[in-house]
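See structure below.
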Amino acid sequence: MKRFTVLLLVAFAGVLSWAGEQKKDVTERLQMASDVLNQMSSAPDKGIPEEVLGSAKCIAVVPHLVKGGFIVGGKHGRGVATCRTADGWSAPAFISVGGGSAGLQIGVEGVDLIMLIMNDKGMQQLLSSKFQISGEGSAAAGPVGRHASAGTDWKMDTQMLTYSRSKGAFAGLTLEGAVVQQDSDSTISVYGRDVTFQSVLKGRVATPDIAKEFMKAVAVAAHKAKVEEARQDKK
């Protein structure tokens, strides 16, 4: 009986240690995602056009997405997403992005990834908790600069616009074949249970304290985009 109790205590200590490390990892990820959004807002000429950001229904940030490899290339990273609701932006939902591509690739590169969900169809994809980016209108590399060119078709049927940031500059990024799904471990560590994407992204779950800085960065970026968009409309 004593041996069983000792084993139980050791197992419990292991669970607490894992939970603590997971919470620390999520906190750091949220801070890095906040930094990406803050830097995007402070460098409009090299960032995402205001009218594009102002029209986005959801924003997802994956800080330090790892690309590349040896012989077989791939992408993998963990991030956070939020969607517009009637009361503002939803609490963060935690995501993972993964996908491989055959070909001769040597080296690893870490980039920050931003995904903008632009219409209801794209939002339904995100709410499904797992989907594959297949191209053909589902995703496209987004335009870059202070304003989107009149010649771009980002207002058409593209569900998602994707961007990468490396060395301070943003660029359109193609993610065809990548799988986006719910990061259950991070979700449980923050919310205490594996709540669904729909519950979180539709505003049914309160924002946890550790995500307040990230939500502030989202709100500031979106507000700047709306203000600049309105200013341009008056010209």
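Nothing in this text is a laboratory measurement; each read-out follows from the coordinates by a stated rule. Because the structure is a prediction, the values reported are computed rather than measured. Glycine also receives a Cβ, built like all others from the backbone with ideal geometry; neighbour counts cover every protein chain displayed.
Calculated FRET efficiency, GLN198 and THR27, Cβ-Cβ r, R0 25 Å, to nearest 0.05?
0.55
Hey, which of these cross-link pairs are over 24 Å Cα-Cα: LYS121/LYS216; LYS23/LYS216; LYS23/LYS121?
LYS121/LYS216; LYS23/LYS121
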